[in-house]
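Right, one structure below, let's go through it.
Where a number appears in this text, it was derived from the coordinates with a stated rule and is not lab data. Bear in mind the structure is a predicted one, so any value in this text is a computation, not a measurement. Cβ: placed from backbone, ideal geometry, glycine included. Neighbour counts: every protein chain shown.
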Amino acid sequence: MTERQLMTGNEAMAEAAIRAGCRTYFGYPITPQNEILEYMAAHLPAAGGAFVQAESEVAAINMCYGASAAGVRTMTSSSSPGISLKLEGISYLAGADLPCVIVNVMRGGPGLGNIAPAQGDYFQATKGGGHGDYRVIVLAPSTVQEAAELVGLAFDLSDRYRVPAMILADGMLGQMMEPVALPPHRDPATLPPKPWALTGAKGREPNYVASFALDPKDLRELNLRRHERYREIAAREVRWEEVATEDAHVLLVAYGTMGRIAKTVVRRARGEGLKVGLLRPITLWPFPYAPIRELAARVRAVLTVELSAGQMWEDVRLAVEGRCPTPFYGEMGGVVPTPDEVLAEVKRLA
Amino acid sequence: MPKGKVVVDPERCKGCGICVATCPFGVLEMTSTYNSSGYPVVGAACPDKCTGCALCALACPDIALEVYREVGAGERRGG
Amino acid sequence: MPKTETMTKVFARPRSLTEKKFTYCPGCHHGLITRILGGAIDKLGIQERTVVVAPVGCAVFAYEWFRCDGVQAAHGRAAAVATGIKRANPDLVVISYQGDGDLAAIGTAETIHAANRGEAITVIFVNNQIYGMTGGQMAPTTLDGQATTSSPRGRDPATMGHPLRVAEMIAALQAPMYVTRQALYDAKHIAQATRAVEKALRYQVEKRGYSLVEILANCPTGWKMPPVKANEHIAATVTGVFPLGDLVDRG
């Protein structure tokens, strides 16, 4: 039951999706997430699900839109350039209040960039990305084990709130192998009912799934109701991890692969007697503003570390609101800083 | 010739005139009556000529026509 | 009225359509196609398991005309959305209703690949050679020399290409079960188109596979022609560019 197996992050996310009751997967090859597509091709049909290798990322996300409208748990995965193509569909999913899980195994950008790990899609993931006033629940795992667990959570949150959910991973996490205790298979009978789904208008009025409302008052109403749910998500679903924050003088804020590296930094800093702590956001939207704000009142500096030019940094500064200095340390282009490099930056502040 | 009757729903008719052109017997015509959407509507100019062939309704894009046909005793079917 | 007592209703609204009035322009064939579809759904008795996928374009409300479940797809993506629905629940009868801009321009990739995979869906392709909803711009199916708001001096094949023959393109694939092109300019052709739509849906019900019914439709507003003249134009000119008839029938 809790037997651990060695899996890559990509494989673990795919298997976790099947165990969470995902019964349709639509994808398109792109490195560094191909193993998700390949794992689904090999294993989803045996679980009674449907796998389609689509003609494009655009087609794949729209197949998800159809499958979700039909009431079935559905997932797609891609990497940065492919997610750009999916944004149209993600906006439509959001506008039609359809659940869907989207995995982004981020790579270096912009443009074709490269296939090395990066975190340059934070704005795209957390601020909407596509057109219109919408949000996507964004979960950022930092280990293979956590990736497997967050996939199940993503399906549950997405169904509960009828909001698309994204797993924001990166090439490092997708490709690395770690022992993982996979979550148990979800009993289909325990999945939430979907009375709005397109199952055939038998013994009931027809169900319509659309993001379309020509009358401005109607569209405003739909948006208001959706934002009501966004507020509920922001109030109830914020998740984060704290490491050695009780007496910290310097607080690191980092997520995903960078969050994992930051944990090593904290351990080494503590070994050298430096009072360094870490807050690792697990949900990037909703963002843990409140806990960061609380800690900002007690520390001398909040250092944001990212594999980007400073994207989450903006949310950290919104959280801190000038309570202390908010320096930034980042790398781009697929370069991943070593713990020593980050530690050197910490020492300049401590 | 079987006897027929065509009934126009003036609120669905948009006055496109396709039924007028389709009717082989010149039953229908454009009238000077306008519906609540502002469309001129068709009417039966020569209702006596209607055979109930329903070609007008077949061609109507707005399902604005209902057609009835007189059923002789021999043609009548149960159910 | 003793006379009506002997009268039987020989033509009435299909039961699988809602009472909503169509939002189409006077004379527009979209309404006729909707009625034909409704009649076919009635005839096959599939109203309770049909899902209508509506496109972006004049038929954006298409799902509201049917007493069937319905979904509105992004522009050009209806075939992908239909694929997702059908793969999720193969017992549903899935109709993808699309215009020429939607299906043959922005959605070309989704169109071809759904057909090539042989998705068991029914595609109703409304070819009126123009973008109606956005104000009469040139479509991939616009005829050579045809003036539109974005080809004001007429479609020049030298720089704009020739009209795209979708049915022929789909018929070149191996998977489709039924590919046909129909017209609605007179009662005879309406009756033929009705039989084609029924066959396409029946093939899906019988789990045979993909079918596409291309329908040469008018656009009186976009063409700036009275409806009756627009129908005459289809008979006299459009059918010369887009020949009518079955291209593939593997049923």
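Values as computed for the structure displayed
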| read-out | value |
| --- | --- |
| Residue-averaged beta-carbon neighbours from other chains (10 angstrom radius) around C:59-71 | 5 |
| Span per principal axis, largest first, for the Cα atoms of chain A (Å) | 69, 48, 40 |
| Whether region C:94-143 is rounded, prolate or oblate, judged on the alpha carbon gyration tensor where a/c under 1.5 counts as rounded | prolate |
| Filter on A:Lys194/C:Lys21; C:Lys199/C:Lys229; B:Lys14/C:Lys9; A:Lys263/A:Lys347; B:Lys5/C:Lys199; A:Lys202/C:Lys188 - keep pairs with C-alpha separation over 24 Å | A:Lys194/C:Lys21; C:Lys199/C:Lys229; B:Lys5/C:Lys199; A:Lys202/C:Lys188 |
| Per residue Cα convex hull volume in Å³ - calculated over the protein assembly as shown | 181 Å³ |
| Inter-chain Cβ neighbour average for residues C:16-22, partner chain, 10 Å | 3 |
| Mean Cα-pair separation over length for region A:240-349, i.e. relative contact order, pairs under 8 Å, 6 or more apart, % | 30 percent |
| Relative packing of A:291-297, A:180-186, which averages over residues the other C-beta atoms within 10 Å, highest first | A:291-297, A:180-186 |
| Computed FRET value (nearest 0.05) for C:Arg153 with C:Lys229, which takes r as the C-beta separation and R₀ as 30 Å | 0.85 |
| Scattering curve values for region A:173-230, log₁₀ I(q)/I(0), Debye with Cα scatterers, q = 0.21, 0.25, 0.28 Å⁻¹ | -0.98, -1.10, -1.15 |
| Region C:1-95: relative contact order in percent, alpha carbon pairs under 8 Å with at least 6 residues between | 26 percent |
| Peptide ranges C:15-21, C:160-166 listed from the most packed, as the mean C-beta count within 10 angstrom indicates | C:160-166, C:15-21 |
| Region A:240-349: translational diffusion in µm²/s, Stokes-Einstein, Kirkwood Rh over Cα pairs, 25 °C, 0.890 mPa s | 183 µm²/s |
| Cα-derived Rg to Rh of region C:21-109, Kirkwood definition | 0.96 |
| Chain C shape via C-alpha gyration tensor axes, a/c threshold 1.5 | oblate |
| Rounded FRET efficiency, nearest 0.05, which uses the C-beta distance separating A:Arg323 from C:Arg208 and R0 of 56 Å | 0.25 |
| Sequence-separation-based contact order of chain A, relative, with Cα cut under 8 Å and 6+ spacing, percent | 18 percent |
| Potential extension, A:Asn114-A:Lys217 segment - 0.36 nm per residue separation minus Cα distance | 32.6 nm |
| Cβ neighbours within 10 Å from other chains - mean over C:181-187 | 3 |
| Cα-only Debye scattering, region B:4-69: base-10 log of I(q)/I(0) at q = 0.18, 0.22 Å⁻¹ | -0.53, -0.80 |
